[in-house]
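Below you'll find the structure, written out as structure tokens, and then a few comments.
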Amino acid sequence: MKHTPLTFSILAGALATSAAAEAHISAVSPTLIAGKTTVVELSVGHGCEGSDTYAITVEIPKGMISVRPMSSDFGKTSLTYDAADPALVTTVTWQKDDADALPGDTNYYRLAFRAKAPSAPFTSIYYKVHQVCRAADATLSYAEWVALPGEMGEPAAAQAIVPDHLPGWNKYTVPADIADLSVFFSDAHIVWRGTDAYSFNDNTVDLIKGTSGVTLLSADGVKANDEIWVRY
């Protein structure tokens, strides 16, 4: 028998009795491309203090549209919609049949949905995730992965939004200060600003340091309105 899907309001009310989970729920890919349709996968590494994950509800960030969830080990999904825009998905819930709940926290899960990313390069997007776990005796426990940077609590899953790019050289004007270049350029070969260069790759960093006339660009060295060249 399958329970009625757990609603977001019920999950949000579980904060007072939440049980700490053992590992973060995170996005499998650290980045997504601005304005492009992509598949977002969330990694559920553990349940709650020995109990299997029974249900997951993901809040869809503002600006993310055309959400189409994928079925999984949890079976079909249930959706909620924006009251002002019935076509806009606000949450996706995956919930197991009772018979499929495992007696212990033994399995790793991936849950996915397809969506169009906001056209906001060099920003980050956060997925607030509400986790329900079910023990062998059917007792439910909860974990709330909803904290944004600077907030207390378990962190929301995050992805950096990178600009659309092609293999080779790409030119950008940075819209705002970038505090950590590795967030947006970990998959780039090299980033240039004038005679300054940055790379996430240690071997490339050594080449930059050994090149006359080139200065190593610190990870927080790019400011708003800087023009940069990035090679992928």
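The values are calculated or read from the model by the stated rules, or taken from the named source; none is laboratory data. Remember, it's a predicted structure, so these values are computed and weren't measured experimentally. We place every Cβ from the backbone using ideal geometry, glycine too, and count neighbours over all the protein chains shown. Protein only, heavy atoms only, side chains kept; ligands, DNA and RNA dropped before computing areas. Shrake-Rupley method; radii C 1.70, N 1.55, O 1.52, S 1.80 Å.
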Exercise. Tally the DSSP beta bridges in the chain and give the antiparallel ones as a percent, rounded to 5.
Key: 90 percent
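Would you list M70, M152 from the most to the least accessible area, probe 1.4 Å?
Final ranking, largest accessible area leading: M152, M70.
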Quiz item: Where Lys and Arg each count +1 and Asp and Glu each count -1, what net charge lies around P121 among other residues with Cβ under 12 Å from its Cβ?
Solution: 0
Self-check item: FRET efficiency, 1/(1 + (r/R0)^6) with R0 25 Å, evaluated for H24 and Y232 via beta carbons
Solution: 0.35
Quiz item: Where the Cα atoms of segment 167-211 are projected onto their three principal axes, how long is each span, largest first, in whole Å?
Solution: 30, 21, 19
Practice problem: Give the residue from S199, H189, G168 lying farthest towards the positive end of the charge dipole for segment 152-232; charges sit on Cβ (+1 for Lys and Arg, -1 for Asp and Glu) and the dipole is referred to the Cα centre. | Solution: G168
Self-check item: Rounded to 5, percent antiparallel among DSSP beta bridges of segment 38-156
Solution: 95 percent
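Count charges around V146 for me, please; just the other residues with Cβ under 11 Å from its Cβ, Lys/Arg as +1, Asp/Glu as -1. Before the final figure, lay out each step's value.
Working: positive: K128; negative: E59, E144, E151, E154.
Here the count lands on -3.
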Exercise. Name the residue, out of S212, S51, S186, whose mean-square fluctuation peaks in a Gaussian network model built on the chain with Cα pairs under 10 Å.
Key: S212
Self-check item: Between segment 147-176 and segment 206-223, the Cα center-to-center distance that results, in Å
Solution: 21 Å
Quiz item: Which whole-number percentage describes the relative contact order of segment 90-176, with Cα contacts under 8 Å and a sequence gap of 6 or more?
Solution: 27 percent
Quiz prompt | Cβ-defined net charge surrounding V28, 9 Å radius [Lys, Arg +1; Asp, Glu -1] | solution = 0
Quiz item: Relative to a virtual label point 7 Å from the Cα of S124 in the Cα→beta-carbon direction, which members of segment 140-158 show backbone nitrogen distances below 17 Å?
Solution: 145-158
Self-check item: Isotropic mean projected area of the C-alpha convex hull, segment 147-232 (nm²)
Solution: 6.4 nm²
Quiz item: Once all Cα-Cα distances of segment 89-150 are split into 5 Å bins that start at 0, what whole-number percent is in each one?
Solution: 4, 10, 21, 21, 18, 12, 8, 5, 2, 0
Quiz item: Helix-derived [θ] at 222 nm for the chain: sum -39500 (n - 2.57) over DSSP H runs of at least 4, divide by residue count, nearest 500?
Solution: -2000 deg cm²/dmol
Quiz item: So which GluC sites (Glu not before Pro) in segment 130-232 pass both tests, a DSSP loop state and at most 12 other Cβ atoms within 10 Å of the Cβ?
Solution: E151
Quiz item: With all pairs of different alpha carbon atoms counted, what Kirkwood hydrodynamic radius in Å does the chain show?
Solution: 19.5 Å
Practice problem: With a 1.4 Å probe and every protein chain kept in, tell me what percent of the accessible surface of the chain is carbon plus sulfur. | Solution: 54 percent
Quiz prompt | Per residue solvent-accessible surface (Å²) - segment 62-136, probe of 1.4 Å | solution = 51 Å²
Quiz item: Expressed as a rounded percentage, what relative contact order does the chain have, with Cα pairs under 8 Å and six or more residues apart?
Solution: 22 percent
Practice problem: May I ask for the Kirkwood hydrodynamic radius of segment 187-232, worked out over all distinct Cα pairs and given in angstroms to one decimal? | Solution: 10.7 Å
Self-check item: List E49, E154, ordered by accessible area with a 1.4 Å probe, largest first
Solution: E49, E154
